[in-house]
Protein chains: 2
Amino acid sequence: MKTSLPEPERNRLKHALKSRNLRPTRQRTCVYGVILEKRDHPTADDIHLRVREKLPSISLATIYNCLDTLVECELVKQVHLDRAPTRFCPNRTPHAHFHCRDTGQVYDVSLDDKRLSAIEQFLPDGFTADTIELSFLGRGPETITVS
Amino acid sequence: MKTSLPEPERNRLKHALKSRNLRPTRQRTCVYGVILEKRDHPTADDIHLRVREKLPSISLATIYNCLDTLVECELVKQVHLDRAPTRFCPNRTPHAHFHCRDTGQVYDVSLDDKRLSAIEQFLPDGFTADTIELSFLGRGPETITVS
DNA sequence: GAAATAAATGGAATTATTCTAATCTACTCC
DNA sequence: GGAGTAGATTAGAATAATTCCATTTATTTC
């Protein structure tokens, strides 16, 4: 098993980094790979555990550094829910998040252009936003109910 | 100077607490007063400093406890922006937040029913949200520019 | 008004995040 | 093509945010 990151994603990473004069290090590649692999909105700590299986000596600080770089490159988004550790998400299309009170699971809620521009119009004159974060807290569809 | 909390707000607090079998302690009253006094979205730490002027021995843990109670009573809302400490806001009407990259200031952006229900419709069938958090990150109107 | 019960408090511990000094890498100039 | 150098990367140590839990304080019941 090599550094397991499919070619298209590897290229996307390489180009995004290059345009900012940064390098596709083993650590960055691996962190990006792990986030793409299981799209469950992991925390930095979750990611640390997963990356360690491949790079056993990597520290949590490096995970944060890599994540910050990926966020800067707009390959990864941060999700801030409750008073809880930040989560990370590789979905690059505009979307909101739904956080289930029962299961703790986080779902992506897609936002098309129409929705997005509707939200943008909430802003009073003179304000311009480059980042919009929308999150819902509530209950998702019932999971299997025991009779 | 007594515990400085105008009568209507004092009553609102008292009733909200009572309906949950909780008591309007000096600490809770003071924390609520401080949040209402300067509506600048303070962090727990900011609030601690301000409350200390009146109750010098109060601990930060108690501030968090009081805030959690106020949030439960729906008198105060939590605001989660970036990877930063949680902020608190006594605006009980539906609203979003705008966070200015330049000044760090946080503004309330009001959401009328029409806007609110538009957002609610983003949710797929089966999902119901009791809390919606919407925040913008960007630049606010120019502040005074030096020639 | 005392005992039983429930709530509130804050010091200590935990957890999330950032800082900084040391290391490494890739490019330039000879 | 190799040494020097500037800039990037790394991770241990420090800081900052939040929570836990044993103790204290308040309320209710009898």
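Each value in this text was obtained by applying a stated rule to the coordinates, not by laboratory testing. Predicted model, so just to flag it, every value in this text is computed and none were measured. A quick note on method: Cβ atoms are made from the backbone with ideal geometry, for glycine too, and the neighbour counts reach across all protein chains shown.
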For A:A61, label point 7 Å along C-beta direction: distances to other copies, nm: 2.9
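Indicate, rounded to the nearest 5 percent, the antiparallel portion of the DSSP beta bridges found entirely in segment B:93-138. Intermediate results must be reported in sequence, preceding the final value.
Working: 5 of 9 bridges.
Here the share of antiparallel DSSP bridges comes out near 55 percent.
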P(r) weight above 21 Å for segment A:48-147, C-alpha pairs, percent: 51 percent
Trypsin sites (Lys or Arg not before Pro) within segment B:55-147: DSSP coil, no more than 14 neighbouring Cβ in 10 Å: B:R83, B:R92, B:R101
Shape metrics for the protein assembly as shown, restricted to C-alpha atoms - Rg then Dmax, Å: 21.8, 74
Label spacing, shortest first and in nm, from A:K114 to its equivalents in the remaining copies (7 angstrom along Cα→Cβ): 1.7
Point-charge dipole on Cβ atoms (K/R +1, D/E -1) for segment A:93-138, about Cα centre, debye to 20: 180 debye
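Under a point-charge model restricted to the Cβ atoms of Lys and Arg (+1) and Asp and Glu (-1), what is the dipole moment magnitude of chain B relative to its Cα centre, in debye to the nearest 20? Please list the in-between numbers first.
Working: 22 positive and 20 negative charges, 162 e Å.
With Lys and Arg at +1 and Asp and Glu at -1, about 780 debye.
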Choice from B:Q27, B:Q105, B:Q78 with maximal GNM fluctuation in chain B (Cα, 10 Å cutoff): B:Q105
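As a test, work out the antiparallel percent of DSSP beta bridges whose residues both lie in chain A, rounded to the nearest 5.
Values: 9 of 13 bridges.
About 70 percent, rounded to the nearest 5.
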Shielding of B:83-93 by partner chains, average beta-carbon count, 10 Å: 1
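Can you give me the relative contact order of segment A:1-57 as a percent, contacts being Cα pairs under 8 Å and 6 or more apart? Walk me through the intermediate numbers first.
On the way: 25 pairs, mean separation 18.4, N = 57.
Worked out over segment A:1-57, it gives 32 percent.
Given a Förster distance of 25 Å, report the FRET efficiency between A:Q121 and B:N91 from their Cβ-Cβ distance, rounded to the nearest 0.05.
0.75
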All lysines inside 26 Å of A:K114 as judged from Cα atoms, apart from same-chain residues fewer than 8 positions distant: A:K77, B:K114
In segment B:1-58, the GluC sites (Glu not before Pro) that fall in loop regions by DSSP, at most 11 other Cβ within 10 Å: B:E53
Ascending list, in nanometres, of distances separating the B:R139 label from those of the other copies (7 Å, Cα toward Cβ): 4.6
Chain B, relative contact order [Cα under 8 Å, separation at least 6], %: 18 percent
Percent of C-alpha pairs per 5 Å bin, segment A:93-138, short to long: 5, 19, 25, 20, 14, 10, 4, 1, 0
